[in-house]
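Note sheet for the following structure.
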Amino acid sequence: MFDIRSEFSKYGEYHANRINIAIHMVFVPTILWTSMGLVTLAQPHALFEFPTPISALLSHIPGSAPVANTATLIITAFAAFYIVLDQIAGLLATPVLYGFLVSAQQYALSSPASLQYLLALFAIAWVAQFIGHGVFERRAPALLDNLMQALVMAPFFVFLEVLFALGYRPSLHRELRNEIGSR
């Protein structure tokens, strides 16, 4: 469960087609962002207060202050899991995850039509994902075999693909591709 090779390889088995991967590069972040916005709309009030040093840091973010709600807990769990899987990539992903969270919360809480737009984007993103799998991958998506693993790993898979394209840990990238190819 906490092994990058195992998790990436399992998820990667479902993503060999370049067009499907490109679709994921656009629409997995869209699903993550819209999900955070929708969770924020469902539970817009804080569950807890941020510690004082974090509150002081967050006060410098333009717009409304981030809300310590369920979406915050979800993103924190994702970040912690990613850090356990690969410390460097997980730490690099953490500010991106929190950037998604803050911007999704600010949008959800400041736009009168945010619910409609978030739902529309969420639906479009999922349709694109299924088209990617059905038309280009010609394989059912990973979420049909393991929903939780697919939903949690998808953002990190996309992030790692970007890092690998930028030259991050080329030997790990080769190992993972070889492992995916042997399954």
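A few remarks follow.
- Exactly one residue out of Leu92, Leu97, Leu32, Leu101 is closer than 26 Å to Glu161 by Cβ, out of contact with any Asp or Glu (no Cβ under 6 Å at 6 or more places or on another chain), at pLDDT 95 or above and open to solvent by 60 Å² or more (accessible area, probe 1.4 Å): that is Leu92.
- Breaking point among (1) surrounded by 15 or more Cβ atoms within 10 Å (Cβ to Cβ); (2) part of a helix (DSSP H, G or I), for Gln116: (1)
- The C-beta contact set for segment 7-29 (first residue part of a helix (DSSP H, G or I), second residue hydroxyl-bearing (Ser, Thr, Tyr), distance under 9 angstrom, 6+ apart or interchain) comprises Ser9/Ser182; Asn20/Tyr14.
- Where a residue in segment 40-61 is closer than 30 Å to Leu119 by Cα and its partner, wherever it lies, is hydroxyl-bearing (Ser, Thr, Tyr) and not in a loop (DSSP other than H, G, I, E, B), with Cβ under 7 Å and at least six apart: Leu41/Ser114; Gln43/Thr70; Leu47/Thr70
- Taking segment 42-63 as the range and being surrounded by fewer than 12 Cβ atoms within 10 Å (Cβ to Cβ) and under 21 Å from Val96 (Cα atoms) as the test, the residues that pass are Pro51, Pro53, Ala56, Leu57, Ser59, His60, Pro62.
- For Val39: the one exception among (1) buried (at least 21 other Cβ atoms within 10 Å of the Cβ); (2) in a loop (DSSP other than H, G, I, E, B): (2)
- Criterion (under 16 Å from the mean Cα position of the chain (by Cα) and open to solvent by less than 10 Å² (accessible area, probe 1.4 Å)) met by exactly one of Thr72, Thr76: Thr72
- Matching entry among Ala165, Ala142, Ala154 (being within 25 Å of Ala125 (Cα to Cα) and either in contact with a strand residue (DSSP E or B) (Cβ under 7 Å, 6 or more places away or on another chain) or at pLDDT below 75 (or both)): Ala142
The values are calculated or read from the model by the stated rules, or taken from the named source; none is laboratory data. A quick note: this is a predicted structure, and the numbers were derived from the prediction, not measured. Positions of Cβ are generated from backbone atoms using ideal geometry, with glycine treated the same way; all protein chains shown enter the neighbour counts. Just so you know, the surface numbers come from the protein's heavy atoms only, side chains and all, with ligands and any DNA or RNA stripped out. Shrake-Rupley method; radii C 1.70, N 1.55, O 1.52, S 1.80 Å.
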